[in-house]
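**Q** Questions regarding the structure given below will be posed in turn.
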Amino acid sequence: MNVSYKDLGLVNTKEMFAKAVKGGYAIPAFNFNNMEQLQAIIKAAAEQKSPVILQVSKGARNYANQTLLRYMAQGAVEYAKELGWEKPQICLHLDHGDSFETCKSCVDYGFSSVMIDGSALPYEDNIALTKKVVEYAHAHDVTVEAELGVLAGVEDEVAAEESHYTKPEEVIDFATRTGCDSLAISIGTSHGAYKFKPEQCTRDPKTGRLVPPPLAFDVLHEVEKKLPGFPIVLHGSSSVPQEYVDIINANGGKLPDAVGIPEEQLREAAKSAVCKINIDSDSRLAFTAAVRKTLTEKPAEFDPRKYCGPARDLMVELYTHKIVNVLGSNNKA
Ligand code: G3H
Ligand code: 13P
Ligand code: ZN
């Protein structure tokens, strides 16, 4: 049975992006796979009155079941109201949709936004696939994110190279011909907790920490010039907080040289046409850090609530920090 997201109390990204582009801030797009992550996202967003995008990846659908995730998102709207957020602005978004069929099934199932990720395809094939998804999604008032350029890591096995960056000269043609509502671009971010190889970084002599190379802001600014006011999306935008990495490593974990995008660069991006910033890995790190620490300190504990509870608390802290101190989306909903 087809369901419209509007009946679930969800919203698409149109209005939230228009306001974010004008207001010089970005909307958080947080991935969720389980109840604790969802609770933490909603609590932080409701407390900060921040519009929020709940992202469901293919991995999440395989892990948690897409039906369950959709009902959880519906429940999240009610939970937000219970927390005192009268008109929650919550979008349910398919992250990295890989086919027309997947996108269609999400639209039919109550998602308010979908990403069709044709970035690995030849340019004309990316356009054709994106256009097909846009036609179907727009007929249901669902917004569509597309991608041009290839991120290192998940989308490409080799390290970030300039040749993979989005080509600014293509964006007008791509956006016009596909009709997409937002565009993910490649400017040096990548997925996961190892965004740069040590040889791409320098080392801070005081701390011994890796210092990553800067993002390609010149590419971002060129794209902005070509498409003034058009919503731009950054994937792979976790900052890999070193305090979480340290807690994990001090409690039996092994994450050597994990490195992310410095928050000051994300802050700068959020002030530009970037109006959606994707964060998944930082939440995984917070969760894992809290669970490892609790289990080390309380080895006799075996009630999952006793270690998932602290993990949830730390994720609320993380999401709140991102909303208030990095994206600037607080008090915008
Ligand atoms: O784009 C990558 C996201 O972090 C989702 O990752 O497919 O492991 O859930 P996943
Ligand atoms: P991170 O791995 O940097 O959190 O990126 C998440 C993402 O882009 C999801 O689409
Ligand atoms: Zn992504």
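Where a number appears in this text, it was derived from the coordinates with a stated rule and is not lab data. Keep in mind it's a predicted model, so treat the numbers as computed, not measured. FYI the Cβ positions are ideal-geometry reconstructions off the backbone, even for glycines, and counts take in every protein chain you see.
**Q** Are any of the residues in the stretch 240-252 touching a residue at least 40 places away in the same chain (Cβ under 8 Å), in contact with a Gly (Cβ under 7 Å, 6 or more places away or on another chain) and of a type outside the set (Phe, Trp, Tyr)?
**A** Yes: the stretch 240-252 contains one or more residues that are touching a residue at least 40 places away in the same chain (Cβ under 8 Å), in contact with a Gly (Cβ under 7 Å, 6 or more places away or on another chain) and of a type outside the set (Phe, Trp, Tyr).
**Q** With the condition kept exactly as written, say whether any residue in the stretch 248-271 is among the basic types (Lys, Arg) and in contact with a helix residue (DSSP H, G or I) (Cβ under 7 Å, 6 or more places away or on another chain).
**A** yes
**Q** Now for a different question. Counting only residues that are touching a residue at least 60 places away in the same chain (Cβ under 8 Å) and within 16 Å of ASN278 (Cα to Cα), which one in the stretch 177-187 is farthest from ligand 2 (Cβ to nearest atom)?
**A** SER182
**Q** Given the structure, is VAL316 more than 16 Å from ligand 1 (Cβ to nearest atom), in contact (Cβ under 8 Å) with a residue 60 or more places away in the chain and in contact with a strand residue (DSSP E or B) (Cβ under 8 Å, 6 or more places away or on another chain)?
**A** No.
This table checks each residue for (1) of a type outside the set (Gly, Ala, Ser); (2) closer than 23 Å to ALA216 by Cβ; (3) out of contact with any Asp or Glu (no Cβ under 6 Å at 6 or more places or on another chain).
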residue: LYS226; (1), (2), (3): yes, yes, yes
residue: SER238; (1), (2), (3): no, yes, no
residue: GLN242; (1), (2), (3): yes, no, yes
residue: ILE248; (1), (2), (3): yes, no, yes
residue: ASP257; (1), (2), (3): yes, yes, yes
residue: GLU268; (1), (2), (3): yes, yes, yes
residue: ASN278; (1), (2), (3): yes, yes, yes
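**Q** Let me ask something else. Looking at the stretch 102-148 only, could you name the residues that are part of a helix (DSSP H, G or I), among the polar types (S, T, N, Q) and either under 20 Å from the mean Cα position of the chain (by Cα) or within 17 Å of ILE172 (Cβ to Cβ) (or both)?
**A** Kept after step one, since they are part of a helix (DSSP H, G or I), are these residues of the stretch 102-148: 102-109, 123-138.
From what's left, among the polar types (S, T, N, Q): 102, 105, 126, 130.
THR102, ASN126, THR130, listed by residue number.
**Q** Filter the stretch 188-208 down to the residues that are among the charged types (D, E, K, R) and in contact (Cβ under 8 Å) with a residue 24 or more places away in the chain, then identify the one that is nearest to ASP257 (Cα to Cα). Let's see the steps before the verdict.
**A** Taking the stretch 188-208 and keeping what is among the charged types (D, E, K, R), we get 195, 197, 199, 203-204, 206.
Keeping just the survivors that are in contact (Cβ under 8 Å) with a residue 24 or more places away in the chain gives 195, 197.
Numbers: LYS195: 10, LYS197: 8 Å.
Here the residue is LYS197.
**Q** Looking at the stretch 247-256, is at least one residue surrounded by fewer than 24 Cβ atoms within 10 Å (Cβ to Cβ), under 22 Å from the mean Cα position of the chain (by Cα) and assigned to a helix (DSSP H, G or I)? Lay out the reasoning, then the answer.
**A** Step one: filter the stretch 247-256 for residues surrounded by fewer than 24 Cβ atoms within 10 Å (Cβ to Cβ), giving 247-256.
From what's left, under 22 Å from the mean Cα position of the chain (by Cα): 255.
Filter again for assigned to a helix (DSSP H, G or I), leaving none.
Within the stretch 247-256, none of the residues are surrounded by fewer than 24 Cβ atoms within 10 Å (Cβ to Cβ), under 22 Å from the mean Cα position of the chain (by Cα) and assigned to a helix (DSSP H, G or I).
**Q** Follow-up question, since we're still on this one. Could you please let me know if ALA137 is in contact with a strand residue (DSSP E or B) (Cβ under 6 Å, 6 or more places away or on another chain), among the small types (Gly, Ala, Ser) and surrounded by 19 or more Cβ atoms within 10 Å (Cβ to Cβ)?
**A** yes
**Q** Which of (1) touching a helix residue (DSSP H, G or I) at 6+ places or on another chain (Cβ under 7 Å); (2) under 26 Å from ASN12 (Cα atoms); (3) β-branched (Val, Ile, Thr) is the odd one out, the single condition VAL233 does not satisfy?
**A** Of (1) touching a helix residue (DSSP H, G or I) at 6+ places or on another chain (Cβ under 7 Å); (2) under 26 Å from ASN12 (Cα atoms); (3) β-branched (Val, Ile, Thr), only one is false for VAL233: (1).
**Q** I would also like to ask the following. Can you pull out the helices (runs of 4 or more DSSP H) entirely within the stretch 1-100 that have at least 1 residues that are in contact (Cβ under 8 Å) with a residue 60 or more places away in the chain and crowded, with 23+ Cβ neighbours inside 10 Å? Even if it seems obvious, please write down each step before you answer.
**A** Working: elements: 14-23, 35-48, 58-64, 66-82.
In the stretch 1-100, 14-23, 35-48, 66-82 are the helices (runs of 4 or more DSSP H) which contain 1 or more residues that are in contact (Cβ under 8 Å) with a residue 60 or more places away in the chain and crowded, with 23+ Cβ neighbours inside 10 Å.
**Q** When the stretch 268-301 is examined, which residues are found to be farther than 24 Å from LEU38 by Cβ and over 15 Å from the mean Cα position of the chain (by Cα)?
**A** If the condition is that a residue be farther than 24 Å from LEU38 by Cβ and over 15 Å from the mean Cα position of the chain (by Cα), then GLU268, LYS271, SER272, ALA273, THR296, GLU297, LYS298, PRO299, ALA300 are the ones that fit.
**Q** Looking at the stretch 209-229, is at least one residue within 16 Å of ligand 1 (Cβ to nearest atom) and in a strand (DSSP E or B)?
**A** Within the stretch 209-229, none of the residues are within 16 Å of ligand 1 (Cβ to nearest atom) and in a strand (DSSP E or B).
**Q** Determine whether the stretch 275-282 contains at least one residue that is under 17 Å from ALA40 (Cα atoms) and in a helix (DSSP H, G or I).
**A** Checking the stretch 275-282: at least one residue is under 17 Å from ALA40 (Cα atoms) and in a helix (DSSP H, G or I).
**Q** I'd like to verify a number: residues in the stretch 194-220 that are surrounded by 20 or more Cβ atoms within 10 Å (Cβ to Cβ) and within 16 Å of ligand 3 (Cβ to nearest atom), how many?
**A** 2
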